[in-house]
Amino acid sequence: MQQSFSVLRIEPAAQCNLKCSHCPQVTNELPRDVIEPEIIERALEELDKNTQIGTVVLYHGGEPFLHRDFLDLLRETKQRGVRTKTVTNGMVWRNDLYEGLVDLGLDEIMFSLDGLNGRQSDAVRVGSSHLKILGNMKRLIDVRIARNSDTPEIKLSNVQFFNPATPAEDPIPQFPHWIEDGMGDHARFVKEYDTQWAMKWPGMHTDGLIFDVVPHGKKKRACSNIFDTIAVRWNGDVVACCQDLVTFYPLGNVKKSSLQEIFNGSPRETLLNAMLDGNPISGCKECPALGTSGFLVARDPEFYDAEDVAPPPPGFKVEAGDGYDKYIRL
């Protein structure tokens, strides 16, 4: 019986304007470019044929807004009636993006700010400015208000760095008060903070990093990411999930096969069977989703400030996971 997927990821650009020290793409010398027009056509053809696709994520590893025609790609996906999301580092913003993202109906956008303060964020997200990112978020919110629009829904990804000097039996990331405070009156439009620990990703080279890798110690038998998702990279290579940023296990290429054929092909079947048998392939064994990688811990103790652990402010509910917490505004 043919299986299908409900989430389609398309990578508008594998390039990035930042050099984040905890990103696996930075530690690998891989070719990167914007997505080829032929690849976009193949992905859109799948959207036209596959009615089970309910969500398109215009992001995989690079900065999507480096693609000059990002708004055209967004228009194409929204015309097909699917929920569309993207992720951005918040630094590459042209004037047309603010109005375009709102007017074309982008459903969700996630910005990235890391650490427990702006100094940590700018230190690890090399080339970024937390103040500029907060300002771009506020401007997008102002356009939403002016358009009387509820979209795009705004979320924050906040990667934090485990401090071994303050051990805990089951450590969880803190609520990022510094971002909430920095947003001021605009904070009420931030729907969710997704906090997680910085981890060693599959295919990540640790030589030369400013971090050491400390064992995580909490493992899961299986991963749910690979069952209903497929990701199309800029060059047409297809991978199984959002964690494969270095194409450690290509399933095929859309220039040679349809996405449906790739999703039901033997490479993916091998991947699934290995996971279900409790013996995942080597790349999956290194993945944070299975808890089999490790925390990234800063080598310089001065990286860590005195940490004042405070609960989230009123008006949030917490959804806890393995190594991450979602703080959702009510």
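In the chain, what percent of the accessible surface is made up of carbon and sulfur (1.4 Å probe, ligands and nucleic acids excluded)?
With neighbouring chains kept in place, the figure for the chain is 49 percent.
May I ask you to compute the full-extension gain from S224 to Q52, defined as 0.36 nm times their residue separation minus their alpha-carbon distance, rounded to one decimal in nm?
60.1 nm
Taking every DSSP beta bridge that has both residues in the chain, what percent is antiparallel when rounded to the nearest 5?
Working: 23 of 50 bridges.
Approximately 45 percent, going by the DSSP bridge assignments.
Counting only DSSP beta bridges with both residues in the range 1-107, tell me the antiparallel percent, nearest 5. Could the numbers behind the result be given before it?
Values: 1 of 8 bridges.
Around 10 percent antiparallel, to the nearest 5.
Taking the solvent-accessible surface of protein heavy atoms with a 1.4 Å probe, what is the per residue accessible area of the range 255-303 in Å²?
Ligands and nucleic acids excluded, the result is 48 Å² per residue.
Residue-wise, which Karplus ³J(HN,Hα) couplings in Hz belong to the range 264-275, taking 6.51 cos²θ - 1.76 cosθ + 1.60, θ = phi - 60°, and x for glycine or proline?
Using θ = phi - 60°, the values come out as 9, x, 5, x, 5, 4, 4, 4, 5, 5, 5, 5 Hz.
Using the structure shown, list the pairs from K138/K317; K85/K285; K19/K200; K19/K326; K200/K326 with a Cα-Cα distance above 18 Å, or answer none. Please list the in-between numbers first.
Numbers: K138/K317 23 Å; K85/K285 28 Å; K19/K200 16 Å; K19/K326 26 Å; K200/K326 20 Å.
Cα-Cα > 18 Å for K138/K317; K85/K285; K19/K326; K200/K326; rest within.
I'd like to check one number: the per residue accessible area of the range 112-216, probe 1.4 Å, reported in Å² as a whole number.
Counting only protein heavy atoms, the per-residue value for the range 112-216 is 44 Å².
The values are calculated or read from the model by the stated rules, or taken from the named source; none is laboratory data. As the structure is a computational prediction, the values presented were derived from the model and not from experiment. To get the accessible areas, we keep the full protein, side chains included, count just its heavy atoms, and leave off ligands, DNA and RNA. Shrake-Rupley method; radii C 1.70, N 1.55, O 1.52, S 1.80 Å.
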